[in-house]
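So the structure is just underneath, and the comments pick up after that.
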Amino acid sequence: MPRSRSTESNPGTSSSYFHGGVYVLGDAASAAGLASQVGRRTSAKVYSVDYRLAPEHPYPAAVDDALAAYEALLKDGIVPSDIVLAGESAGGGLVIAALVNARDRGLPLPAAAYVMSPYADLTLAGASIDTKHEADPLLSRELLAPRVTDYTAGQDAALGLISPVFADLSGLPPLIVQVGSHEVLLDDAVRLARQAAAADVEVILEVTPRVPHVFQAYQPLLDEAAVALDRAGEFLSARLDRADSATGKPVS
């Protein structure tokens, strides 16, 4: 069972949050600040999840842990319509993989999901890997390629649960995808949103000009970060309210 750290408290809604770190770095504590920003904007109790990391724990460990974190919320008696998933970078890709995995296992799906700068193509086939190389101060093909090998450990990087841009996304809940124009993962976000739209999933793609990878983490410094988080909070809250209305539950 993956460990998690609760960052906000509200009995009405809950969220699992998955940190970034290209599947080899990061932890629940390091992501707690950004997770709490999501929680405040949705009045949700947020669990920042410590999933297992490569190379010690390659695929499918992270995907299994993400599903286990979601199942734990369900087993605690939280109804799916009161749950949202969120994550940044690799955690954003993991959110989509968790949704696909849950759907394929016949589990009820949450009300919505929010992904920031999703790392969704570990084949590194997106054109922006190269075209945004000079604009992105954080990531590059040279930095990502060795970590892909650590995570995939001989598995095909194009598998849908490794690279959700290649997955069947039909039946997934509403998604909001945010990305900056100055990052090598721009095309991951664009293609993920396109794939979702083609599968008739309600999806909003927001590309913010001239900001870096996971710019929402710079909320104290960037006005664009606060605006993006506010928009995501409105999107998630509206879907939570919509689900409550559909099930006849009182809306707070």
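The values are calculated or read from the model by the stated rules, or taken from the named source; none is laboratory data. What you see is a predicted model; the values in this text were computed from it and never measured. Cβ sites come from the backbone with ideal geometry, for glycine too, and all protein chains shown count toward neighbours. In case anyone asks, the SASA skips ligands and DNA or RNA and just uses the protein heavy atoms, side chains included. Shrake-Rupley method; radii C 1.70, N 1.55, O 1.52, S 1.80 Å.
Tabulated values for the structure
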quantity: Options Leu175, Ala120, Ala44, ranked by Cα towards positive dipole end of the chain, top entry (Cβ charges); calculated: Ala44
quantity: Under Karplus coefficients 6.51, -1.76 and 1.60, residue-wise ³J(HN,Hα) of the range 78-86 in Hz, glycine/proline x; calculated: 7, 6, x, 5, 9, 10, 10, 10, 8
quantity: Most mobile of Leu107, Leu67, Leu94 in a GNM of the chain (Cα contacts under 10 Å); calculated: Leu107
quantity: Using alpha-carbon coordinates, inclination of helix 32-42 to the longest axis of the chain, degrees; calculated: 40
quantity: Using θ = phi - 60° and Karplus 6.51 cos²θ - 1.76 cosθ + 1.60, couplings along the range 113-120 (whole Hz; Gly, Pro as x); calculated: 8, 10, 10, 10, 6, x, 8, 10
quantity: Rounded if a/c under 1.5, otherwise prolate or oblate - the range 11-80, Cα gyration tensor axes; calculated: oblate
quantity: Length-normalised contact order for the chain - Cα pairs under 8 Å, 6+ apart - percent; calculated: 19
quantity: Amide H within-cut-off set for Val203, under 5 Å, with H built and near neighbours excluded; calculated: Leu175
quantity: C-alpha long axis of helix 223-246 to longest principal axis of the chain, angle in °; calculated: 40
quantity: Built amide H within the under 5 Å cut-off of Ile83, gap 5+; calculated: Ser14, Ala111
quantity: Helix 90-104 axis, angle to the chain major axis (alpha carbon atoms, nearest 10°); calculated: 60
quantity: Residue-normalised accessible area of the chain, expressed per residue, 1.4 Å probe, Å²; calculated: 40
